1. Work from the charge dipole of the chain (Cβ charges, +1 for Lys and Arg, -1 for Asp and Glu, about the Cα centre) and give the residue of 391, 39, 260 farthest towards its positive end.
2. Taking K and R as +1 and D and E as -1, what net charge do the other residues with C-beta under 14 Å from the C-beta of residue 222 add up to?
3. Using a 1.4 Å probe over the heavy atoms of the protein chains, calculate the carbon and sulfur portion of the accessible area of the stretch 254-308 as a whole percent.
4. Which whole-number percent is the relative contact order of the chain (Cα, under 8 Å, 6+ apart)?
5. I want the local charge near residue 236. Using Cβ-Cβ distances under 12 Å, sum +1 for each Lys or Arg and -1 for each Asp or Glu among the other residues.
6. Using the eigenvalues of the Cα gyration tensor, what equivalent ellipsoid semi-axes result for the stretch 41-124 when each is taken as the square root of five times the eigenvalue, whole Å, largest first?
7. Lys/Arg Cβ at +1, Asp/Glu Cβ at -1, dipole of the chain taken about the Cα centre: which of 215, 138, 381 is farthest positive-ward?
8. With springs only between Cα atoms under 10 Å, which of 160, 347, 223 fluctuates most in a Gaussian network model of the chain?
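The values are calculated or read from the model by the stated rules, or taken from the named source; none is laboratory data. Keep in mind it's a predicted model, so treat the numbers as computed, not measured. We place every Cβ from the backbone using ideal geometry, glycine too, and count neighbours over all the protein chains shown. What goes into the accessible areas is simple: the full protein's heavy atoms, side chains included, and nothing from ligands, DNA or RNA. Shrake-Rupley method; radii C 1.70, N 1.55, O 1.52, S 1.80 Å.
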Amino acid sequence: MTTVRFARRPLETLLAWQRRYGNVFTTRFLVFGTGVYVAEPDEIRAMFTGDQSDLLAGEANSLLSPVLGENSVLVLDGARHMRQRKLLLPPFQGSAVANFRSIIRDAANAEVANWRPGDEFAMRERMRALTFVVICQAVFGVTEPTRTERLRRALLALLDLGSSFFLPAALQRDLGPWSPWGKMKRRLAVADALLYEEIEMRRREPDLERRTDVLSLMLQSRDENGEPMSDVEVRDELITMLAAGHETTATGLAFAFDLLLHNPTTLNRLRDELEGGTDAYLDAVVTETLRLRPVIDAAERTLTKPRTIAGYELPAGIRIYPGIALVHMREDIYPQAQHFRPQRFLDAKTESYTWLAFGGGIRRCIGAALAQAEMAEVIRCVVEGFELSAVKPVCDPVVLRGVTLAPRHGTKVRVERRLPTARRPAREPALAGGA
Ligand code: HEM
């Protein structure tokens, strides 16, 4: 019952539990077992900054390893996790992400070029197409249309089987092409063949050293012992970044448009600020969207030793959920927490560990800067270029899709008109780092 209620209305359910039990409470979910939500920033800070060797995150994701692979940064813990993380981080740091802004702008312009007045569509679907192109170009370094299309078909066919990734071990059996696991295995084989082909081709590229895409940088990175990543490691991280970064960013964008289109004063202010040539408000819109609609409702750790958290002695083996959404909804931290008010991030400096959309500590989202830059650039492109209206009179209810929160109807919008180019100011290249 708890699990069903949570899956149907995750945010409302979490808030109801918080009202009833306070900022630290226990739940029991099907499959995942007993877990403790923690919505105290100081306690979360202690978990994210102190010794984290007794708080495993990879183990909780191990169900994903048949698809993501044994070397995926998401499923590893300890020294092996740190090795993969260090190899992956450089291309995602602020200055490197600045290089991706032009890729994002081109992808956004190509997407909106097809929009016509009168069109109606679910924004989340359009944004999924767009964020795939960005990952394909910025992460895989693939720009050629035929190869992009082959990768898109194979990889999205695999990721669309999302629920099969979580099949219990007993059902992970290939009973032919129509069985859930059989289907998954076949799609995985097609996707893997393409990924290994890309890796092989890239290794032979004469200008590898000059390339700035993540795959090329991974192929050149070395660990402390001077060892490069193997092809299998590279494949595992490529698919991990797609799985972790494509739908999450698309959903974040769908939420942003849902909130903007239902808050016309905020939308007009954003347009005015962009027309004035400043990005601070745009960045605040991204930050506030991810506060009010965090795509991941909670981080997740498995305790390996008994630990005292918020005064409670918790046993080994249970899950701890640093409550991203719960902290974001606290009225004492964010007055009028249910309102969409980007201005709050311009009025006051956010205390650390009160804004947690990308988790924290040694597991903080690797793609945070890329995701924020992407959200900002895509919102800019759409808001400057179009007048849209929301098809639904109120914001979409928030539901659970796999492990992410999402707008139930995908944010249905209608294109009202294309804005004259005069509304679109000439712009200096934006700085990296997002909100
Ligand atoms: C709005 C978009 C995104 C959101 C809300 C988001 C959120 C998160 C969260 C909450 C975590 C877990 C952090 C923790 O456990 O403390 C995470 C991990 C991760 N994310 Fe993201 N993410 C987004 C986009 C991306 C992108 C674009 C990429 C890469 C291209 C990416 C790659 C990863 C990876 C590899 C991890 C695992 C890090 C580790 O375990 O060391 N994410 N993300």
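1. Value: 391.
2. Result for the neighbourhood of residue 222: -3.
3. Ligands and nucleic acids excluded, carbon and sulfur reach 49 percent.
4. Relative contact order, the chain: 26 percent.
5. Every neighbour counted, the sum reads -3.
6. So the equivalent ellipsoid measures 36, 18, 16 Å along its semi-axes.
7. 381
8. Of 160, 347, 223, the Gaussian network model singles out 347 as fluctuating most.
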